[in-house]
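All remarks here apply to the structure that follows.
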Amino acid sequence: MSIHASDIPAIAIKNLSFSYTGDTPILTNIDLTLSQGSFMAIVGPNGSGKTTLLKLMLGLLHPDSGAIQVFGHTPGHGTKRIGYVPQSASSRPDFPITVMEVVLMGLKHTCLRRTFVYTHAERELAAAALQKAGIDPCLYTRRIDRLSGGQRQRVFIARALVDNPELLVFDEPTSNIDPEGRFCFFELMDKLKKNLTIIVVSHDLSIVASKVTDIVCVNQRLIHNREGTLTREMLSLLYGAHEHTCPMAEYMHDVSTILNLPMSG
Amino acid sequence: MFEALAHEFMQNALLAGILAGIVCGMIGSLVVVNRQVFLAGGIAHSAYGGIGLAFFFGLPVMPCAMGFTLFASAIMAGVTLKNPQRSDTIIGVLWAAGMALGIILLDITPGYNVDLMSYLFGSILTVPRSEIWIMVGLVIAIIIAITLFYREFLILAFDPEFARTQGVHVGLMHFVQLAMVALSVVMIIQVVGLILVIALLTIPPYIAGRTSRSLFSMMIQASLWGIVFCTAGMALSYTYNITTGAAIIAVATVTFFLVLAFDALKPKTRG
């Protein structure tokens, strides 16, 4: 794996807690260390704190207690090194904007520049990112709302890649795309993970089938498995212990069979 | 109609229509892409409170209305940022409260007051040359603001969540945007009145947005449509002796439905 040698973890979280209202905790005393070059999936049911954890990493939220660092810096200060692909639903669906202009939006240094015009070099960067994401050049001048869900997903990935990030973060990347789009997404992840640290947030357990190196299970607490498998403890955190109606071993076997997931513990 | 342009009041009306068209195109585009039509309506109707204050205290109407509307827009901006789930209720309250305040103040203002209808439905033919200069200044200020903050407006409108990660001051830009809406609305009230201002803010951008490939081109096209509607409406009003504001909106509305029909009937293609 061709990642530049560094002992600084991509993500370092220590004893972090967070709540939106002050009374109902979303995350409680969580610890997490993610090495550079990892491919991590953060899974958990709806409302478990996955997206909250992601926003803390991006510096969009601040913890009530504890510490979080991204590449050794406080989140917000090192965001140039992070490429973020939000849920596709966060963007306006029928906005008058072309594929190229969406990707150019990802160049932070141009984002707040006082001019309408992009330079040739910037367009070259955008084109390179679009090529990496597998978008055909004939689509560069097409309006984004004229693309399929899978194509739009790739454009947003190109937007995240255009500034050459070291960490790529996806929020529910497969929630709004069809099975073919999901297949293409996982193919792209296989290519990108060679040179990047990747975090994928999803409530879909089948996403762990895409050869992740780390799985983090979140449901107010956090469990991190560096072997890329689901454990008994993780499933219990996700779904609760149902041993009185379904012994855990049998339950885990059913889940792993249905989802075709590697299991341990 | 061309012989009528020899008169200063008609020249002022035409200039006011053109300037309002430009503003509608630019600000209306931001209103439409940000899905803030109801918010813009709330700001427009609350402006009536400013008009009432102007007459009650004997102040110039346009500056006073602008000041009051800026204040109302700041409250609405704060509410929509802090509590978006409840914002429609607050907007509705301010909408009605502004109207009620204006009507009450006009009722208790001694002496003869201007016809209320002129602010509800517009009075483009009575716009004086002095206010044309204020409108010119406003248009220039809005063009400068949009030019300087275009990228922020663009990214905020397209993807607010992503905008935060790019360092855009989302809250500040929201206030700036609504302040521009407030100033524009007061200007457009002169042309079509506050009842119909929403139509002029939304129809030209809607028509332009269907085919534009950028927010910038949407603004340009919408401004041109706004100018066409205003001048065509004035021509109709002059020819058939009907209320100018309503004529402008009638032209815009007919065009809107023709465009809808055209879109429904044409074969669907990607592009």
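The values are calculated or read from the model by the stated rules, or taken from the named source; none is laboratory data. All values derive from a computational prediction rather than experimental measurement. Note that we place each Cβ from the backbone using ideal geometry, even for glycine, and neighbour counts take in every protein chain shown. Side chains are part of the model used for accessible areas, which takes the heavy atoms of the whole protein and leaves out ligands, DNA and RNA. Shrake-Rupley method; radii C 1.70, N 1.55, O 1.52, S 1.80 Å.
Order B:His169, A:His224, A:His73 by their accessible area, 1.4 angstrom probe, all chains in place, largest first.
Sorted descending by solvent-accessible area, the residues read B:His169, A:His73, A:His224.
Along chain B, the exposed loop sites are trypsin sites (Lys or Arg not before Pro) outside DSSP states H, G, I, E and B with at most 12 other Cβ atoms within 10 Å, and the longest stretch free of them is B:36-267. The amide H of A:Ser38, built 1.01 Å from its N in the peptide plane, has A:Ile198 as neighbours under 5 Å, considering only residues 5 or more places off or on other chains. With a 10 Å cut-off around each Cβ of A:138-147, the average count of Cβ atoms from other chains is 2. For the stretch B:226-241, putting each phi into the Karplus relation 6.51 cos²θ - 1.76 cosθ + 1.60 with θ = phi - 60° gives couplings of x, 5, 4, 4, 5, 5, 5, x, 5, 4, 4, 4, 5, 5, 10, 6 Hz, in residue order, rounded to whole numbers and with x for Gly and Pro. For the chain pair A and B, the interface hides roughly 3300 square angstrom of accessible area in total, found with a 1.4 Å probe. Taking only protein heavy atoms and a 1.4 Å probe, the accessible area of the stretch A:14-79 is 47% carbon and sulfur. Orientation-averaged projection of the stretch B:103-241 equals 11.0 nm² [convex hull of Cα atoms, one quarter of hull surface area].
Phi-derived couplings, Karplus 6.51 cos²θ - 1.76 cosθ + 1.60 at θ = phi - 60°, listed residue by residue for the stretch A:151-165: 5, 4, 4, 5, 5, 5, 5, 4, 4, 6, 8, 4, 8, 6, x Hz, with x used for Gly and Pro.
Quote the charge dipole size of the stretch B:3-261 about the Cα centre in Debye, to the nearest 20; the model charges only the Cβ of Lys and Arg (+1) and of Asp and Glu (-1). All intermediate terms of the calculation are to be shown ahead of the outcome.
Details: 8 positive and 9 negative charges, 117 e Å.
Taking the Cα centre of the stretch B:3-261 as origin, the dipole is about 560 debye.
Note on the protein assembly as shown: dipole from Cβ charges, positive end direction compared against B:Ile142, A:Asn225, A:Gly22; the farthest Cα belongs to B:Ile142. Under a 5 Å amide H cut-off, with hydrogens placed 1.01 Å from N, A:Thr33 pairs with A:Ile13 among residues at least 5 apart or on other chains.
Within the stretch B:3-261, what whole-number % of the accessible surface is contributed by carbon and sulfur, with the 1.4 Å probe and all protein chains included in the calculation?
73 percent
Per residue, the stretch B:3-261 exposes 40 Å² of accessible surface when a 1.4 Å probe is rolled over the protein heavy atoms with every protein chain present.
Between A:Ala121 and B:Ile144, the distance separating the two model label sites (each 7 Å from Cα on the Cα→Cβ line) works out to 3.1 nm.
Look at the stretch A:13-22: the mean tally of other chain Cβ atoms within 10 Å of its residues' Cβ atoms is 0.
Amide hydrogen proximity for A:Ile97: with H placed 1.01 Å from N in the peptide plane, the residues at 5 or more positions away or on another chain lying under 5 Å are A:Ile144, A:Asp145.
List the residues of the stretch B:198-236 whose accessible area drops by at least 50 Å² when all protein chains are present, compared with their chain alone, using a 1.4 Å probe and counting only protein heavy atoms. Correct list: B:Arg213.
When averaged across all projection directions, what area in nm² does the alpha-carbon convex hull of the stretch B:3-261 cover? Can you show the working numbers first?
Values: hull surface 56.6 nm².
The orientation-averaged projected area of the Cα hull of the stretch B:3-261 comes to 14.2 nm².
When only DSSP loop residues count, what chymotrypsin sites (Phe, Trp or Tyr not before Pro) in the stretch B:15-124 have their Cβ near at most 10 other Cβ atoms within 10 Å?
Working: sites: B:Phe38, B:Tyr48, B:Phe55, B:Phe56, B:Phe57, B:Phe68, B:Phe71, B:Trp95, B:Tyr112, B:Tyr119, B:Phe121; in loops: B:Tyr112.
The qualifying sites are B:Tyr112.
Based on alpha carbons, the Rg and Dmax found for the protein assembly as shown are 27.7, 92 Å.
These residues, B:Asp88, A:Asp163, go from largest to smallest accessible area, 1.4 Å probe, as B:Asp88, A:Asp163. Per-residue 3J(HN,Hα) values for the stretch B:136-142, derived from phi via the Karplus relation 6.51 cos²θ - 1.76 cosθ + 1.60 with θ = phi - 60°, read 4, x, 5, 4, 4, 4, 5 Hz in sequence order (x marks Gly and Pro).
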